[in-house]
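Below is one structure; the comments refer to it alone.
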Amino acid sequence: MTIKVTPYIPESYIDFSKSENVALYKAALEQVRPQLGKTYPLIIGSSHIMTEEKIDSLNPADFKEVVGYTAKASIAHADQALEVAYTAFQSWKNWTMEARARILIKAAAILRRRKLEFCAMMTFEVGKSYAEADVETAEAIDFLEYYARSSMKYAGALETSAYEGEENRLSAIPLGVGVSISPWNFPLAIYLGMLAAPIVAGNCVIVKPSEDSGVIAAWGANLLLEAGLPAGVLTFLPGLGEEVGDYLVKHAKTRFINFTGSRAVGLMIHENAAKIQTGQRFLKRCVLELGGKDALIVDETADLELAATAATQGAFGFAGQKCSAMSRLIVVESVYEQLLEKFVAKTKALVVGNGADNANVTPLVNRESFDKVSSYLEIGKTEGRLMTGGTADDSRGYFAQPTIFADMNPNSRVASEEIFGPVVAVIKARDFSHALEIANASEYGLTGGVISNSRENLERARAEFEVGNLYFNRKITGAIVGVQPFGGYNMSGTDSKAGGPDYLMNFLQLKTVTERF
Ligand code: NAD
């Protein structure tokens, strides 16, 4: 059984060095602007529900601008959502994999047609620059297309060995109703990927998006409904993480939790989901993809120009607000000062500003993030040598200068804690072995990289660098769906490898039926 569509090919990116594409982006911003300030309801089954209390979403580049409001779900709404979702599951689980996959492909087609509109809304809501928003929308399309195709692998009987006198049939069936709790920093791609995968596998999903990206999440939910998703398969339930999110995690009927976000919240979910509730009839599945403290190693054989470019792009793209962002630069001492000089020069050339003006370093998402980054800027000044940046400005939006602290102790706070902003700790290593040792000393293990021309060092890193996604001689951000399956080790998560060939197995269970004739 297979769906008759073209093989998966990742979506291509828009070339913003062409003035006509820049003009199209600006036109999209103007086209979307009149939609700012709208309110988006909860979607539970076929009911669109407004609540008295709302969650407001503000433009981080100009916090006086309201991007929109979402309704705010209560505990009673969560109960209602579970009931409606279980009713929908009774029929959704019987749809063929192909029929479910077609809805994802249709959603991808709609999104491709409305690409710049979605991009523009991300610029308003989370401050993305043109290229960052475009790459993200492409990734969202890729997740839909890729999971639609990879579901075909589980559509019929799975491979088992033959056995005389018996038929043995192994098949994959959905789990039930789960909750998807997503972060704000990839408000479209990660959000859609995290719900599309369990849905195509035949589950019903309650989505609890981030409070900072409710508008784009509402757009994403409506996209799937427009593509033909039946009522109740997807429940759109914006609300507070610590209220409705926590309640759903602990609920006896929640079969699985698909979470991407911070380590602190992820660990809490891990613990809460492990406690069996009264009436609970299964062990909850938890997919937890968490933070990082990602390191790039540069050795004495490296092309230092390439290294400085990779460091600058990896550290400061989207103001360092990526789980994969390079926040530690570990350099062997013989090229340390030389590389530092190049890295600082490239960083100083970056323009801090509004995503709508296509600045290089765009705003931090909210007040909490601004305060957190500001506090680390002060901590860094006591821990290392400030090379550039070190200041932040919240007069209109939440902006922090790209900041480099050199001569950092690997155990210092700035060099070991996830800051989630444009702050880099540069660490000197005696040699390559020492650099690897420092890189691996982190509790996290998400992305990492090596810039080197030594085959021996690259092969050593291939085997010994303990991260889920390792990059050589390039930046360490920007994983492509289906090409670089993504997920971290250790405290970076369960290594579920989003955009990988086995990701759907997180949301399926296998059944073996044996008949002796
Ligand atoms: P966060 O942990 O603050 O929030 C994530 C989600 O969890 C939100 O929807 C929030 O409402 C919800 N939440 C908060 N408290 C909760 C609770 N007690 N119970 C249930 N849900 C709760 O993270 P964030 O600020 O939105 O995102 C940034 C973090 O996400 C960073 O640590 C980043 O590294 C990580 N991240 C990881 C990946 C990855 O693939 N590993 C990708 C993107 C972001």
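No lab work stands behind these numbers, since they all come straight from the coordinates. Since the model is a prediction, treat every value here as computed from it, not as a measurement. Counting neighbours? That spans all protein chains shown, and the Cβs are built from the backbone with ideal geometry, glycine included.
How much net charge surrounds N453 when only other residues with a Cβ under 12 Å from its Cβ are counted (Lys, Arg +1; Asp, Glu -1)? Around N453, the charge tally is -3. In terms of surrounding Cβ atoms within a 10 Å radius of their Cβ, R149, R328 rank from fewest to most as R149, R328.
Between the C-alpha center of region 147-212 and that of region 295-350 there is a gap of 38 Å.
Where both bridge residues fall in region 377-487, DSSP classifies roughly 40% of the beta bridges as antiparallel. Compactness check for region 294-480: Cα Rg over 2.2 N^0.38 Å is 0.95. Helical runs (DSSP H, four residues minimum) scored at -39500 (n - 2.57) apiece and divided by the length of the chain put the mean residue ellipticity at 222 nm at -11500 deg cm²/dmol. Each Lys and Arg Cβ is given +1 and each Asp and Glu Cβ -1; about its Cα centre, the chain then shows a dipole of about 1160 debye.
Packing around the peptides 444-452, 295-303, 222-230, taken as the average count of other Cβ atoms within 10 Å per residue, puts them in this order, highest first: 444-452, 295-303, 222-230. With a Förster radius of 45 Å applied to the beta-carbon distance between Q31 and L306, the computed FRET efficiency rounds to 0.70.
Under 1.5 on a/c is rounded, so check that first for region 49-148, then, if it is not, pick prolate when a/b is larger than b/c and oblate when it is not; a ≥ b ≥ c are the square roots of the alpha carbon gyration tensor eigenvalues. In terms of gyration-tensor shape, oblate.
Most simply put, the chain has about 40% antiparallel DSSP beta bridges, counting only bridges with both residues inside it.
Give, as a single signed number, the net charge of other residues whose beta carbon lies under 10 Å from the beta carbon of D294, with Lys and Arg counted +1 and Asp and Glu -1. Residues close to D294 contribute a combined charge of +2. Restricting region 249-344 to chymotrypsin sites (Phe, Trp or Tyr not before Pro) that sit in a DSSP loop and have at most 16 other Cβ atoms within 10 Å of their own Cβ leaves F282. Could you tell me which of G202, G220, A108 has its Cα farthest along the dipole of the chain towards the positive end, charges placed at Cβ (Lys, Arg +1; Asp, Glu -1), taken about the Cα centre? Positive-end residue among those listed: G202.
Cross-link partners for K497 among the lysines, with Cα-Cα distance under 20 Å and sequence neighbours closer than 8 places in the same chain left out: K153, K284, K293, K322, K475. Computed over the alpha-carbon atoms, region 339-387 gives an Rg to Rh ratio of 1.04, Rh here being the Kirkwood radius from the mean inverse distance.
Taking 20 Å as the cut-off, the amide N atoms of region 80-101 that come nearer than this to a point 7 Å along the Cα-to-beta-carbon line of A157 belong to 96-98. Put in order of Cβ neighbour count within 10 Å, fewest first, the listed residues R413, R430 become R430, R413.
In a DSSP loop and with at most 16 other Cβ atoms within 10 Å, the GluC sites (Glu not before Pro) in region 1-98 are E52, E53.
Taking Cβ atoms as reference points and 13 Å as the exclusive limit, the residues near M505 contribute a net charge of +1, counting Lys and Arg as +1 and Asp and Glu as -1. Working from Cα pairs under 8 Å separated by at least six residues, relative contact order for region 294-480 is 30 percent.
Remark: the chain is approximated by an ellipsoid whose semi-axes, taken from the C-alpha gyration tensor as √(5λ), come to 38, 28, 22 Å, largest first.
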